[in-house]
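Following: one structure in structure tokens, then a few remarks.
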Amino acid sequence: MAGERFIIEGGRRLEGSVAVSGSKNASVAAIPAALLVPEDCYLENVPAIGDVKFMAQVLESLGGEAERTSPSTLRLNAAHITSFSPATELVVNLRASFLVMGALLARFGQAMCSPPGGDVIGQRPIDVHLAGFAAMGADIHRQGEKFVAQAKRLRGARIFMDYPSVLGTQNLMMAGTLARGTTVIINAASEPEIASLAEMLNNMGARIHGAGSHTVEIEGVDALHGARHRIIPDRIEAGTFAIAAAITGGDVRICQAEPAHLHSLVAKLKEVGVQVEEDGTDLRVRGTGQLGAVTIQALPYPGLATDLQAPMAALLTQAQGVSYIHERVFENRLLYVSELRKLGAEVVSTGTTAIISGPTPLIGTSVRALDIRAGAALVLAGLAARGKTEISDIYHLNRGYQCIDEKLRSLGADIQSA
Ligand code: UD1
């Protein structure tokens with residue numbers, strides 16, 4: 001994916017099999033976890049995507065090392081940390097950079113970080129992270145634009161999270177690993193990426209129970225050690241390929257997909273009229289027959305992932321009837337609607353609801369990727385559109401999808417980067 005634009009000649013039915021890469025969100029949480037120890041940590045199944053590169057740069061800017069020892073293995077080392085404050089120009093690249101706070105605070109008793117960047121999909125505050133650190137005894141203040149957190153040694157606390165924030169839960173879990181006493185996070189996020197991070201931390205000697213549920217307990221220990229950890233499959237990438245199969249009337253086997261993480265999507269696809277079969281770790285998706293309108297709620301896990309909301313909107317432009325999409329996680333995640341309309345979709349948005357009337361024939365034109373998943377929605381729409389769709393700003397897609405164009409071509413899509 002070297003170019004700046006994707007050019008898609010739509011109307012090809014996708015067929016064949018495609019392997020899912022390691023999870024973006026699990027990877028960007030695992031990299032800062034290496035800050036907790038002076039020894040090597042090895043991550044396996046790490047995707048070659050922009051956000052992993054950015055997160056590795058954040059670690060390196062603190063004096064850490066990040067090195068690919070194979071195409072999908074990353075060696076991380078934080079033996080010689082020289083700074084507790086990542087450079088703002090790196091932090092603005094992705095929201096997960098704020099995870100250095102929990103890890104640095106736990107191991108060194110101090111951390112500083114600017115408000116993190118990431119996709120423009122809502123206000124995205126960090127109050128639950130900061131409230132959690134404060135409950136664990138950290139002194140929190142602002143120094144210029146940066147947040148500063150300090151504590152000689154954090155102490156375990158009972159923390160109620162106002163909202164089950166994914167990165168917030170991960171930050172507090174890391175902070176709790178080396179605290180004195182036990183931390184309990186109530187109303188924790190339960191996404192599979194939380195359980196994946198807990199598994200890594202437990203491999204490093206942490207004592208975390210309940211990760212993946214809404215109550216996570218972290219018994220603090222005096223020290224952690226290096227470990228090897230395998231990143232889970234990217235459920236959002238898997239879901240994107242499932243929708244690609246459905247929208248092109250195709251027949252695709254999505255390998256190493258971990259269907260257990262995709263129950264909500266599979267249920268919705270079946271309701272739309274798509275055939276989905278689970279076969280071990282694979283999913284077979286067939287877009288045969290007529291598609292019907294549905295109502296979708298984008299929610300915290302195990303609800304339908306907000307990251308699959310825009311891709312599902314692309315699919316629903318091809319469904320018979322009126323579909324409603326309610327975005328319940330981020331307040332500004334329907335900006336892609338205007339781009340879908342350029343392709344001929346009959347879709348309007350009011351607040352956090354999108355209303356789609358279908359089916360409408362999509363006609364290729366020039367559109368712009370506004371963020372990772374909005375970009376994915378346009379790729380999907382382009383695959384179904386008649387004629388040529390040109391998508392600009394595809395660097396957004398490169399942040400989160402490993403070789404999406406190559407993978408789609410292997411399934412028969414006509415997609416080029418230019
Ligand atoms: C993570 C994912 C992102 C996904 C999102 C929701 C990563 C790197 N990113 O983002 O792909 O779309 O989860 O599944 O893992 N909130 C607060 N206060 C806070 C933090 C969050 O009110 O301190 C609110 C946000 O405004 C938003 C909601 O919580 O409305 C969800 O945000 P959160 O779960 O924190 O998302 P991220 O962890 O940023």
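The values are calculated or read from the model by the stated rules, or taken from the named source; none is laboratory data. Owing to the predicted nature of the structure, the values given are computational and were not obtained by experimental measurement. Here the Cβ is made from the backbone with ideal geometry for all residues, glycine too, and neighbour counts use every protein chain on show.
What strands (runs of 3 or more DSSP E), lying completely within the range 54-131, carry at least 3 residues that are without any contact (Cβ under 8 Å) to a residue 24 or more places away in the chain and more than 16 Å from the ligand (Cβ to nearest atom)?
Details: elements: 65-70, 73-77, 110-113.
Output list reads 65-70.
Can you find a residue in the range 90-105 that is surrounded by fewer than 24 Cβ atoms within 10 Å (Cβ to Cβ), modelled with pLDDT of 95 or more and over 20 Å from the mean Cα position of the chain (by Cα)? For the range 90-105, residues surrounded by fewer than 24 Cβ atoms within 10 Å (Cβ to Cβ), modelled with pLDDT of 95 or more and over 20 Å from the mean Cα position of the chain (by Cα): absent.
What strands (runs of 3 or more DSSP E) lie completely within the range 1-49 and have 3 or more residues being out of contact with any helix residue (DSSP H, G or I) (no Cβ under 7 Å at 6 or more places or on another chain) and more than 15 Å from MET174 (Cβ to Cβ)?
Once the strands (runs of 3 or more DSSP E) in the range 1-49 are filtered for at least 3 residues that are out of contact with any helix residue (DSSP H, G or I) (no Cβ under 7 Å at 6 or more places or on another chain) and more than 15 Å from MET174 (Cβ to Cβ), what remains is 15-19.
Filter the range 227-267 down to residues that are in a helix (DSSP H, G or I), within 16 Å of the ligand (Cβ to nearest atom) and in contact with a helix residue (DSSP H, G or I) (Cβ under 9 Å, 6 or more places away or on another chain), then give me how many there are. Qualifying residue count, the range 227-267: 9. Evaluation of PHE160 against the conditions (1) surrounded by fewer than 24 Cβ atoms within 10 Å (Cβ to Cβ); (2) of a type outside the set (Ser, Thr, Tyr); (3) under 18 Å from VAL28 (Cβ atoms) shows that the sole unmet condition is (3). Among residues of the range 158-175 that are within 7 Å of the ligand (Cβ to nearest atom), those with a beta-carbon under 8 Å from a residue that is among the charged types (D, E, K, R) at least six positions away or on a different chain give the pairs ASP162/ASP127; VAL166/GLU191; VAL166/GLU193; LEU167/ARG95.
Of the residues ARG373, ARG368, ARG341, which single one is without any contact (Cβ under 8 Å) to a residue 12 or more places away in the chain and within 24 Å of ARG12 (Cα to Cα)?
Numbers: ARG373 fails: without any contact (Cβ under 8 Å) to a residue 12 or more places away in the chain; ARG368 fails: without any contact (Cβ under 8 Å) to a residue 12 or more places away in the chain.
Matching residue, one of ARG373, ARG368, ARG341: ARG341.
Scanning the range 261-282 for residues that are in contact (Cβ under 8 Å) with a residue 12 or more places away in the chain, closer than 25 Å to ILE325 by Cα and either surrounded by fewer than 18 Cβ atoms within 10 Å (Cβ to Cβ) or not assigned by TED's automatic domain parsing to the domain that holds PRO300 (or both) gives HIS263, GLU271, GLY273, GLN275. The helices (runs of 4 or more DSSP H) found entirely in the range 281-397 that carry 2 or more residues being more than 16 Å from the ligand (Cβ to nearest atom) and under 21 Å from the mean Cα position of the chain (by Cα) are 309-316, 372-384.
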